[in-house]
Amino acid sequence: MEELYHFIDGKRVKGTSGRFADVMNPATGEVQARVPLASVEEMAAAVASAAEAQVAWGATNPQRRARVMMKFGALINEHMDELAELVSREHGKTLPDGRGDVQRGLEVVEVCMGGPSLLKGEFTDDGGPGIDLYSMRQPLGVVAGITPFNFPAMIPLWKMAPALTCGNAMILKPSERCPSTALRLAELLQEAGLPDGVLQIVNGDKEAVDAILDDETIQAVGFVGSTPIAQYIYGRAANNGKRTQCFGGAKNHMIIMPDADLDKAADALVGAGFGAAGERCMAISVAVPVGKETADGLRDRLVPRIEKLKVGPYTANEDVDYGPVITAASKARIEGLIDSGVDQGAELVVDGRGFSLQGYENGFFVGPSYFDNVTPDMEIYKEEIFGPVLSQVRTETYEEALKLTMDNPYGNGTAIFTADGDTARDFAHRVNVGMVGINFPIPVPLSYHTFGGWKKSAFGDLNQYGPDAFRFYTKTKTVTARWFSGIKEGGEFNFKAMD
Ligand code: NAD
């Protein structure tokens, strides 16, 4: 069986802890590789050499660092199919979706190619007599990224590209379920000219994460994953004095107004609810039609579309709409939640339980499920299911639909489908959610904006990528400078305004 490795100081390095995690092929249920889980000592060694490498990298001028991103971007394009296949092999998502995973990460690399303009400081000429002020953005030193399984290329790229462009060294701990893409990206970065040691891929589980959180050299932690772990990491890292941003789970609502084009809304819901088997933090998991006619019309349109969905392995390429979920445990949890929805009185209109695919009987496939008449007290509404399950909550008015969305503890993404600009504008203005789509179901912002949720979907401040990432990965130093123009006598002892 293939044994994976860490990527440390520019080399593939075997694990020495003696602990491993299985990397599954979710389509077949077979173990396809094992990944080493780093010990505290392995982490400490990787951090120490990253700290050494960071000194020269941080002193390399920003334009030269950006040139590494230019070559890196070209290499990602060149290796697009290989990277997409790595994503799909371990995650199970379809190949076109695997390509999308790489592409949305590449777009962040593209913004980093222009990184120097985001690293410019500020200058005040003549802030006082003969006094100038300037501020500069300097790297933090060694920073860490901890990433989830569901975007094995995109989220590591969201972390590494801005952190490195800002002159930091990074310890990246990818998900132990899908580690290979990050390992390959590190090799491509090396080929692009990144000095050895500046990016260390250290594989691991809680032990490695805790080592990051307690390490005194690491200055900042960027995390993406589930809400309970996000909250834990935020608390521990911040308590240890680190700059910390942790992005968590979601329960994204899409409101469908009576004036919406229901065919377009149904198409959007099927893609946003079931794409990538619902394993997206921006998946729409709750449809909120306003009015009985809208709800009935939407349901009539959704059912045939959902029943037509093709579920299968990524090797079937364009012939599948979505693949398996990540583990057997995840499949069991999703099916258990569907059972609970039935027990608690929701109407299961399309039942995806017990799905089996010939030749892939041991794969972690879950058919698409669609519930109507879901109420907010049910488990299927309260939990982030992270599977191919769409719940429909019926409402009578726009205000009721808006309140439902706002009362939900998560606030990652949301959408409204309507033909009325006034309603759309009111929704975008009032809703307490970080990313809003208007007639657009998955509003992941482009890479020169920023990505981040509100409420329990994010802890800490500043968003991911875009200008916020350049703020997160640098600290500001402000210099007040005076050059004497004549011979002055005596000292000044008062804390004075610069008049
Ligand atoms: P997860 O929280 O299980 O794991 C994320 C990372 O944390 C992994 O690297 C994992 O090794 C580590 N980890 C897991 N348990 C830990 C523990 N007890 N202590 C320390 N570290 C631990 O998340 P996942 O299942 O890999 O990813 C799915 C989740 O991520 C979903 O909730 C999804 O909504 C969320 N997500 C959020 C965003 C966002 O930007 N808000 C994006 C993608 C995914």
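The values are calculated or read from the model by the stated rules, or taken from the named source; none is laboratory data. The shown structure was predicted, so the numbers you read here are calculated from the model rather than taken from an experiment. Don't worry about glycine lacking a Cβ; one is built from the backbone with ideal geometry, like all the others, and counts go over all protein chains shown. Side chains are part of the model used for accessible areas, which takes the heavy atoms of the whole protein and leaves out ligands, DNA and RNA. Shrake-Rupley method; radii C 1.70, N 1.55, O 1.52, S 1.80 Å.
Using 0.36 nm times the number of residues separating Asp205 and Glu396, minus their current alpha carbon distance, what extension gain do you get? Please report the intermediate quantities before stating the final value.
Details: separation 191, 0.36 × 191 = 68.76 nm, distance 4.61 nm.
Going from the current span to full extension adds 64.2 nm.
Calculated FRET efficiency, Val31 and Lys382, Cβ-Cβ r, R0 30 Å, to nearest 0.05? Each step should come with its number before you reach the end.
Details: r = 33 Å, r/R0 = 1.11.
According to the calculation, E is roughly 0.35.
In whole Hz and in residue order, list the ³J(HN,Hα) couplings for region 376-388 that follow from phi through the Karplus curve 6.51 cos²θ - 1.76 cosθ + 1.60, θ = phi - 60°; x for Gly and Pro.
So the J values, rounded to whole Hz, are x, 7, 7, 4, 5, 7, 6, 7, 6, 6, 6, x, x.
Could you work out how far helix 398-407 tilts from the main Cα principal axis of the chain, as a 0 to 90 degree angle to the nearest 10?
Roughly 60 degrees, rounded to the nearest 10.
Using a 1.4 angstrom probe with every protein chain in place, what is the largest-first accessible-area order of Arg64, Arg19? Walk me through the numbers before you get to the answer.
Numbers: Arg64 135, Arg19 80 Å².
My answer, sorted largest first, is Arg64, Arg19.
Counting only residues 5 or more places away or on other chains, whose amide H sits under 5 Å from the amide H of Val23 once H atoms are built in the peptide plane?
Gln32, Ala33, Arg34, Val35
At 1.4 Å probe radius, can you tell me the per residue accessible area of the chain in Å²? Don't skip to the end; give the middle numbers.
On the way: 20680 Å² over 499 residues.
Result: 41 Å² per residue.
Relative to the longest principal Cα axis of the chain, at what angle does helix 421-430 sit, 0 to 90 degrees, rounded to 10?
60
Just how far, in whole angstrom, is region 160-207 from region 468-486 if you go by their alpha carbon centroids?
After rounding, the separation between the Cα centres reads 29 Å.
Among Ala272, Leu390, Leu262, pick out the residue whose Cα is farthest towards the positive end of the charge dipole of region 252-438, where Lys and Arg carry +1 and Asp and Glu carry -1 on C-beta, about the Cα centre.
Highest projection toward the positive end goes to Ala272.
If DNA, RNA and ligands are ignored and the probe is 1.4 Å, what is the ranking of Glu216, Glu307, Glu42 by accessible area, most exposed first? Let's see the in-between values first.
Details: Glu216 170, Glu307 125, Glu42 25 Å².
From most exposed to least exposed: Glu216, Glu307, Glu42.
So, in nm, how far is label Lys403 from label Asp132 when the simple model puts each one 7 Å beyond its Cα toward the Cβ?
5.9
Can you quote the Å³ per residue value for the convex hull of the Cα atoms in region 347-499, rounded to an integer?
Considering the Cα atoms of region 347-499, their hull volume per residue is 271 Å³.
Nearest 20 debye, what's the magnitude of the dipole of region 252-438 about its Cα centre given +1 on Lys and Arg Cβ and -1 on Asp and Glu Cβ? Write down the numbers at each step before the final one.
Values: 16 positive and 30 negative charges, 83 e Å.
The calculated dipole for region 252-438 is roughly 400 debye.
Of the beta bridges DSSP finds with both residues in the chain, what % are antiparallel, to the nearest 5?
On the way: 32 of 72 bridges.
Antiparallel bridges make up about 45 percent of those DSSP assigns within the chain.
Give me a comma-separated list of calculated 3J(HN,Hα) values for region 269-275, in order, Karplus coefficients 6.51, -1.76, 1.60 applied at θ = phi - 60°, integers in Hz, x for any Gly or Pro.
Rounded to whole hertz, the list is 5, 5, x, 7, x, 10, x.
With label points built 7 Å along Cα→Cβ from the Cα atoms of Arg12 and Ala497, find their separation and express it in nm.
6.7
Tell me the net charge near Asp407. Cut-off is 14 Å between Cβ atoms, Asp407 excluded, with +1 for each Lys or Arg and -1 for each Asp or Glu.
Working: positive: Lys251, Lys382, Lys403, Arg430, Lys455, Lys456; negative: Asp377, Glu399, Glu400.
Computed value for this residue: +3.
In nm, to one decimal, how far is the Met70 label point from the Phe440 one, both placed 7 Å along Cα→Cβ?
Result for the modelled spin labels: 3.0 nm.
Using per-residue counts of other Cβ atoms within 10 Å, averaged over each peptide, order 55-62, 337-344 from highest down.
Values: 55-62: 13.8, 337-344: 16.5.
Sorting 55-62, 337-344 by mean packing, highest first, produces 337-344, 55-62.
Tell me the carbon and sulfur percent of the accessible area for region 252-438, rounded to whole percent, probe radius 1.4 Å. Don't skip to the answer; put the middle values down first.
Numbers: 3520 of 7300 Å².
Percent of accessible area from carbon and sulfur atoms in region 252-438: 48.
If one takes the longest principal axis of the Cα atoms in the chain, at what angle in degrees, from 0 to 90 and to the nearest 10, does the Cα axis of helix 40-59 lie?
Between helix and principal axis, roughly 60 degrees.
Taking every pair of Cα atoms in the chain, average 1/r, invert it to obtain the Kirkwood radius, and report Rg/Rh to two decimals.
Working: Rg = 24.7 Å, Rh = 24.0 Å.
When Rh is taken as the Kirkwood radius, the ratio is 1.03.
What net charge do the residues around Gly58 carry, taking every other residue with its C-beta under 14 Å from that of Gly58, with Lys and Arg at +1 and Asp and Glu at -1?
On the way: positive: Arg64, Arg65, Arg137, Lys475, Lys477; negative: Glu52.
Net local charge, Gly58 excluded: +4.
Contour minus end-to-end for Glu307 and Ser340, with contour as 0.36 nm per residue of separation and end-to-end as the Cα-Cα distance? Before the final figure, lay out each step's value.
Working: separation 33, 0.36 × 33 = 11.88 nm, distance 2.17 nm.
9.7 nm is the gain from fully extending Glu307 to Ser340.
Hey, what do the phi angles of region 233-240 turn into as Karplus ³J(HN,Hα) couplings, whole Hz, using 6.51/-1.76/1.60 and θ = phi - 60°, x for Gly and Pro?
Listing the rounded values in order: 5, 4, x, 6, 5, 5, 4, 8 Hz.
Please give the length that would be gained between Phe484 and Glu318 if that part of the chain were fully extended, namely 0.36 nm times their separation in residues minus their C-alpha to C-alpha distance (nm, one decimal).
Working: separation 166, 0.36 × 166 = 59.76 nm, distance 7.10 nm.
So the chain would gain 52.7 nm between Phe484 and Glu318.
Tell me the mean residue ellipticity at 222 nm calculated for the chain from its helices only (DSSP H runs of n ≥ 4, each -39500 (n - 2.57), averaged over every residue, nearest 500).
On the way: 16 runs with 195 residues, N = 499.
Value at 222 nm, helices only: -12000 deg cm²/dmol.
Near Lys455, which lysines are there with a Cα under 27 Å away, not counting those fewer than 8 places off in the same chain?
Counting by Cα, and skipping residues close in sequence, Lys455 has these lysines nearby: Lys159, Lys173, Lys206, Lys242, Lys251, Lys382, Lys403, Lys475.
So, with a 1.4 angstrom probe, what is the percent of accessible area on region 69-112 that is carbon and sulfur? If you can, show how the numbers build up before the last one.
On the way: 750 of 1470 Å².
For region 69-112, the apolar C and S fraction of the accessible surface comes to 51 percent.
Just how large is the dipole of the chain about the Cα centre, in debye to the nearest 20, putting +1 at every Lys and Arg Cβ and -1 at every Asp and Glu Cβ? Intermediate values should be presented prior to the final figure.
On the way: 48 positive and 66 negative charges, 259 e Å.
Approximately 1240 debye in magnitude.
Using the beta-carbon distance between Glu187 and His429 and R0 = 51 Å, what value does 1/(1 + (r/R0)^6) give for FRET efficiency, to the nearest 0.05?
Numbers: r = 46 Å, r/R0 = 0.90.
In this case the efficiency is close to 0.65.
Net charge near Arg19: determine it from the other residues with C-beta under 12 Å of the C-beta of Arg19, scoring Lys and Arg +1 and Asp and Glu -1.
On the way: positive: Arg34, Lys206; negative: Asp22, Glu42, Glu176, Asp205, Glu207.
Combined, the nearby Lys, Arg, Asp and Glu give -3.
Considering the options Gly490, Gly127, Pro152, tell which one lies farthest towards the positive end of the dipole of the chain, charges being +1 on Lys and Arg and -1 on Asp and Glu at the Cβ, about the Cα centre.
Gly490
Peptides 247-253, 467-473: what's the order by average Cβ count within 10 Å, highest mean first? Please report the intermediate quantities before stating the final value.
Numbers: 247-253: 26.1, 467-473: 21.9.
Output ranking for 247-253, 467-473: 247-253, 467-473.
Using r as the Cβ-Cβ distance of Met80 and Ala56, and R0 as 30 Å, what FRET efficiency do you calculate, to the nearest 0.05? Can you show the working numbers first?
Working: r = 31 Å, r/R0 = 1.03.
Computed FRET efficiency for Met80 and Ala56: 0.45.
If you consider only alpha-carbon coordinates, what radius of gyration and Dmax does region 252-438 have, in Å?
16.0, 52
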